[in-house]
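Chemist: Let me give you the structure first, and then I'll get to my questions.
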Amino acid sequence: MARPSPLEIYALLDKSNCKDCGYDTCMAYATDLLERKTKVTDCSHLMQKPKQAKNRAKLIKITTPPQRPVVVGVGDRACEIGGEEVLYRHQLTYYNQTAIFVEIADDDPDLENIAKYLSDLKVERMGDVLTVNGLALRNVSGDLEQFKLAAKKLTDISKLPIMLCSLNPDNLLGVAGEIKDKKPLLYAITKDNWESIGKFAVEYNLPVVATSTNLDDLISLSATLQKLGIKEMILDSGTFYGYGRLPVTYDNIMRLRIAAIDKGNSNAGWPVMGVPAAYWNYIENKDAKEPWEHKYQEIIMAAIMESIDTNLIILHTGQKEEDIWALLALMTLRQSIFSDPRVYPTVDPGIYEIGEPNDMSPVFVTSNYRLTKIPVEIDIKGANLDAWLLVVDSEGIGIESAVAGGQFNAGSIAEAVKEFGVFGKVKHRILIIPGMAARLSGALEDEADALVVVGPRDSSGIGKFFKEHWKPDEFMKQYAEMKE
């Protein structure tokens, strides 16, 4: 199905501009509905008026992506998985990043510490907060009571979504019944246990994982579960290691995504998951590799899966603080892959305080491209400087390109200096511009009535630059001479 336009969505609304949804107009609501910034249920007229039932059903149909989304967990940390419209990011964008779940054994004596560590783990990078998305509790003990105890501990400690993993249907349902209000993901439904787990999931409206290493059987199982009434499902076609087997894993994931997104197969139209943690099942006792080598192989598989928009992955490596490198690598890669190619990542123009600047602190100038501004700020802080940072509107483009394209120019910098009252905050008239913008210095001195100092080409050199070149008294003498 082709992506609808805002006008097609608008045509299904009552056009009353009632503002009950929080938007001034129905067209504004339609535009944001298409971009998934609001929901069909936010339109009270559609939801409450019987005459709107037909339009409501049609609107839900045309705005549901070919790969339907699945929500696991409840509350602020609930995780939406899948829901993509395109195979490749450049065709539009990806809406929901790969969910990273870390497995924990139900008999692990360190279970509570692991759960707390993963729940509290937050890494700030380039303006984003990077986290893991959930915990996969494995019934390694095989004991129902131990499984229940572990699940209770997790729900008491963590608000992260939980995946319950057991191939014993009695154990899986026994624990799911205890924490059903947390909306756990049930792993896994097979062709042998589909009826018992499926009926339970329908009764309590829980998401499930359907698994088979045979794609035809997996598609058939999906169809059966949908007829049963399952509303949220994730597909697992297996994760394979060993010579010649990695391509099988890759191909199965891509075939499911292609069937859903390009071919419109509703039985394949669900999120797809992989289990890089399965690597540890392939290791033989006599294997001579170092532990880090094994961990590296698992993370390579996880990176491959992220790169092809596998919607959910389960890791083993990452439970311990000493393995933070693995999570950092995957969360950083994920941040890059799932950035929106349609939007320049920007920050607001303005004058920012770094540390506790005073009236003789330096004024650094940069662009409002987020991946320029934030590293500059980090490097100023890293050099233990108190400084002012003037962020100029460059239309979200980095320094080198914006200088070449004219978005970062003497006029725009001078306007920002005036708009944000830079020289009302300091007793000097010195501006430090990036080395990549050196050619603007002469014109900027005229436009801004300032002495312009050319700083390092890369912000990592700010600390050294400040120690060796920041001489405000000498610079102000130069400014006075320039004005004579």
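The values are calculated or read from the model by the stated rules, or taken from the named source; none is laboratory data. The shown structure was predicted, so the numbers you read here are calculated from the model rather than taken from an experiment. Because the Cβ atoms are built from the backbone with ideal geometry, glycine has one as well, and the counts that use them run over all protein chains shown. All accessible areas refer to the heavy atoms of the entire protein, side chains included, with ligands and DNA or RNA removed. Shrake-Rupley method; radii C 1.70, N 1.55, O 1.52, S 1.80 Å.
Chemist: May I ask you to derive the FRET efficiency for D156 and A329 from their Cβ-Cβ distance with R0 = 41 Å, giving the value to the nearest 0.05?
Modeler: Numbers: r = 31 Å, r/R0 = 0.74.
Computed FRET efficiency for D156 and A329 comes out at 0.85.
Chemist: Once you keep just the Cα pairs under 8 angstrom separated by 6 or more residues, what percentage relative contact order results for the stretch 190-321? Walk me through the numbers on the way to the answer.
Modeler: Values: 163 pairs, mean separation 27.1, N = 132.
RCO, the stretch 190-321: 21 percent.
Chemist: Right, something else. Sort R334, R342, R439 from largest to smallest accessible area, using a 1.4 Å probe on the heavy atoms of the protein chains.
Modeler: On the way: R334 5, R342 105, R439 170 Å².
Result, largest first: R439, R342, R334.
Chemist: By accessible area of protein heavy atoms, probe 1.4 Å, what ranking do S401, S158, S5 get, highest first? Could the numbers behind the result be given before it?
Modeler: On the way: S401 75, S158 10, S5 45 Å².
Most to least solvent-accessible, the answer reads S401, S5, S158.
Chemist: Report the extension gain between V74 and K199 in nm, rounded to one decimal, defined as 0.36 nm multiplied by the number of residues separating them, less their alpha carbon distance.
Modeler: Numbers: separation 125, 0.36 × 125 = 45.00 nm, distance 2.13 nm.
Result for the pair: 42.9 nm of gain on full extension.
Chemist: What FRET efficiency do you get for D42 and E484 if R0 is 51 Å and r is their Cβ-Cβ distance, rounded to the nearest 0.05?
Modeler: Numbers: r = 65 Å, r/R0 = 1.26.
The calculated FRET efficiency here is 0.20.
Chemist: Still on this model: Can you pull out the GluC sites (Glu not before Pro) in the stretch 256-348 that DSSP calls coil and that have at most 12 other Cβ atoms within 10 Å?
Modeler: Working: sites: E284, E293, E298, E306, E321, E322; in loops: E284.
Those that pass, being in a loop and sparsely packed, are E284.
Chemist: For I81, enumerate residues with amide H under 5 Å from its amide H, sequence gap 5+ or separate chain, H modeled in the peptide plane.
Modeler: Result for I81 returns V70, V71, V72.
Chemist: By how many nm would the segment from D110 to A404 grow when fully extended, if each residue of separation counts as 0.36 nm and the alpha-carbon distance is taken off? Can you show the working numbers first?
Modeler: On the way: separation 294, 0.36 × 294 = 105.84 nm, distance 5.55 nm.
In short, 100.3 nm is gained.
Chemist: Then there's this: What label, among [x] 22.8; [y] 25.9; [z] 25.3, belongs to Kirkwood radius over Cα pairs in Å computed from the structure on display?
Modeler: [y]
Chemist: What nm distance separates the two modelled labels at K191 and S16, each placed 7 Å from Cα along Cα→Cβ?
Modeler: Going by the 7 Å Cα→Cβ label model, 5.2 nm.
Chemist: Note down the accessible area of D473, probe 1.4 Å, to the nearest 10 Å².
Modeler: Its heavy atoms expose roughly 110 Å² to the probe.
Chemist: As a test of the formula, what do you get for the chain when each DSSP H run with n ≥ 4 contributes -39,500 (n - 2.57) and the sum is divided by the residue count, at 222 nm and rounded to the nearest 500 deg cm²/dmol? Could the numbers behind the result be given before it?
Modeler: Working: 18 runs with 194 residues, N = 484.
That comes out to -12000 deg cm²/dmol.
Chemist: If you don't mind, there's one more thing I want to ask. Stretch R245-A303 to full length: gain in nm at 0.36 nm per residue minus the Cα-Cα span?
Modeler: On the way: separation 58, 0.36 × 58 = 20.88 nm, distance 1.64 nm.
Computed gain between R245 and A303 is 19.2 nm.
Chemist: Now for a different question. DSSP loop trypsin sites (Lys or Arg not before Pro) in the stretch 23-60 with at most 14 other Cβ atoms within 10 Å of their Cβ, which ones?
Modeler: Values: sites: R36, K37, K39, K51, K54, R56, K58; in loops: R36, K37, K39.
Here the sparse-neighbourhood loop sites are K37, K39.
Chemist: Continuing with this model, one more query. I'd like the carbon and sulfur percentage of the solvent accessible area for the stretch 12-152, probe radius 1.4 Å, heavy atoms only, ligands and nucleic acids excluded. Before the final figure, lay out each step's value.
Modeler: Working: 3440 of 7070 Å².
The nonpolar share, carbon plus sulfur, comes to 49 percent.
Chemist: Right, another one. Any of K37/K61; K15/K37; K49/K231 with alpha carbons more than 23 Å apart? Name them for me. Can you show the working numbers first?
Modeler: Working: K37/K61 17 Å; K15/K37 19 Å; K49/K231 25 Å.
Where the Cα-Cα span goes over 23 Å, the pairs concerned are K49/K231.
Chemist: At 1.4 Å probe size, with no ligands or nucleic acids counted, give the accessible surface of S339 in Å², nearest ten.
Modeler: Around 50 Å² of this residue is reachable by solvent.
Chemist: Once neighbouring chains are kept in place and the probe is 1.4 Å, which whole percent of the accessible area of the stretch 424-484 is contributed by carbon and sulfur? Numbers along the way, then the final one.
Modeler: Details: 1640 of 3570 Å².
Carbon and sulfur together cover 46 percent of it.
Chemist: From the protein chains alone at 1.4 Å, what is the descending order of accessible area for E474, E415, largest first?
Modeler: Numbers: E474 95, E415 125 Å².
Highest to lowest solvent-accessible surface, that is E415, E474.
Chemist: So which lysines can K381 reach, going by Cα to Cα under 21 Å and dropping same-chain residues fewer than 8 places off?
Modeler: Partners within reach: K122, K373, K425, K464, K467, K471.
Chemist: With contacts defined as alpha carbon pairs under 8 Å and 6 or more residues apart, what's the relative contact order of the chain in percent?
Modeler: Details: 870 pairs, mean separation 53.2, N = 484.
In percent, rounded to a whole number, it is 11.
Chemist: If r is the Cβ-Cβ distance from R3 to D181 and R0 is 45 Å, what FRET efficiency results, to the nearest 0.05?
Modeler: Efficiency, rounded to the nearest 0.05: 0.80.
Chemist: Return the distance in nm (one decimal) between the two label points of a simple spin-label model at D449 and W280, each offset 7 Å from Cα along Cα→Cβ.
Modeler: Simple spin-label model gives 6.8 nm for this pair.
Chemist: For the stretch 435-484 and the stretch 250-327, write down the distance between their C-alpha centroids in whole Å.
Modeler: Cα centres, the stretch 435-484 to the stretch 250-327: 50 Å.
Chemist: Let me ask something else. By its C-alpha gyration tensor, with a ≥ b ≥ c as the square roots of the eigenvalues, how is the stretch 362-484 shaped: rounded for a/c under 1.5, else prolate for a/b larger than b/c, else oblate?
Modeler: Working: a/c = 1.58, a/b = 1.13, b/c = 1.41.
Oblate, since a/c reaches 1.5 and b/c is not below a/b.
Chemist: Please sort by residue number the chymotrypsin sites (Phe, Trp or Tyr not before Pro) in the stretch 40-100 whose DSSP state is loop and whose Cβ has at most 15 other Cβ atoms within 10 Å. Walk me through the intermediate numbers first.
Modeler: Details: sites: Y88, Y94, Y95; in loops: Y88, Y94, Y95.
Here the chymotrypsin sites (Phe, Trp or Tyr not before Pro) that fit, given the DSSP loop and packing criteria, are Y88.
Chemist: Using only protein heavy atoms and a 1.4 Å probe, report how much of Y282 is accessible, in Å² to the nearest 10.
Modeler: 90 Å²
Chemist: Per residue, how many Å² of accessible area does the chain show with a 1.4 Å probe? Display every interim value, and only then the final one.
Modeler: Working: 23440 Å² over 484 residues.
Spelled out: the 1.4 Å probe surface of the chain, per residue, equals 48 Å².
Chemist: Would you work out what percent of the accessible area of the stretch 177-284, with all protein chains in place, is carbon or sulfur (probe 1.4 Å)?
Modeler: Numbers: 2260 of 4830 Å².
In the stretch 177-284, the share of accessible area belonging to carbon and sulfur is 47 percent.
Chemist: Spelling out what I want: for every residue of the stretch 372-385, take phi, set θ = phi - 60°, compute 6.51 cos²θ - 1.76 cosθ + 1.60 (Karplus), and round to whole Hz; glycine and proline get x.
Modeler: Ordered by residue, 3J(HN,Hα) equals 9, 4, 5, x, 4, 4, 4, 6, 5, 5, x, 8, 6, 9 Hz.
Chemist: I want to check the label-to-label distance for Y88 and K54. Put each point 7 Å from Cα in the C-beta direction and report it in nm to one decimal.
Modeler: Spacing of the two 7 Å Cα→Cβ label points: 4.1 nm.
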